[in-house]
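Colleague: Supplied in C-alpha cells, the structure appears directly below.
No value in this document is a laboratory result; all are computed from the given coordinates. Not measured: the values here are computed from a predicted model. Cβ atoms come from the backbone with ideal geometry, glycine included; neighbour counts cover every protein chain shown.
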Amino acid sequence: MHTTHRDTDRLRGVLADAAEPLTAREILRALEDHGETGFESPHQIATVLGRWADRGVVTVHTGQPYRYQLDG
C-alpha cells in the first residue's frame, strides 16, 4: 500500500483530535466516518503508526489491542 501525504495528514488529524489513545480500528472508523481514507484495513494503519513510533512521532500503548497517541 502506498500512503499519500493526504492520508498521513488525515491520520495525524484524527490522532491530534483524540482525547485518549485510539486503536487502529477506531482510527479507521473515524476516517471512514468522514469519508477521508485511502486505508483499507486497521493493519495498514498500524503499519504506518509503527513506523511513526520508530521515529518518535507517536507513542504505542502496548496491550490488547495496541493504542496509539500522537506525541507532542
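Colleague: For the chain, place one equal point scatterer on every Cα, skip the solvent, and apply the Debye formula. What is log10 of I(q)/I(0) at q = 0.13 Å⁻¹?
Modeller: -0.30
Colleague: With angles folded into 0 to 90 degrees, how steeply does helix 24-33 sit against the dominant principal axis of the chain? Use alpha carbons for both and round to 10.
Modeller: With both axes taken from Cα atoms, the answer is about 30 degrees.
Colleague: Figure the gain on full extension for E32 and A16 (residue separation times 0.36 nm, minus the Cα-Cα span) and round it to one decimal in nm.
Modeller: Additional length available on full extension: 4.1 nm.
Colleague: Can you work out the FRET efficiency for the pair H61 and H2, with r the C-beta to C-beta distance and R0 = 22 Å, to the nearest 0.05? Walk me through the numbers on the way to the answer.
Modeller: Numbers: r = 27 Å, r/R0 = 1.25.
Computed FRET efficiency for H61 and H2 comes out at 0.20.
Colleague: Under the definition of Cα pairs under 8 Å and six or more residues apart, what whole-number percent is the relative contact order of the chain? It would help to have the intermediate numbers written out before the result.
Modeller: Details: 78 pairs, mean separation 23.6, N = 72.
Value for the chain: 33 percent.
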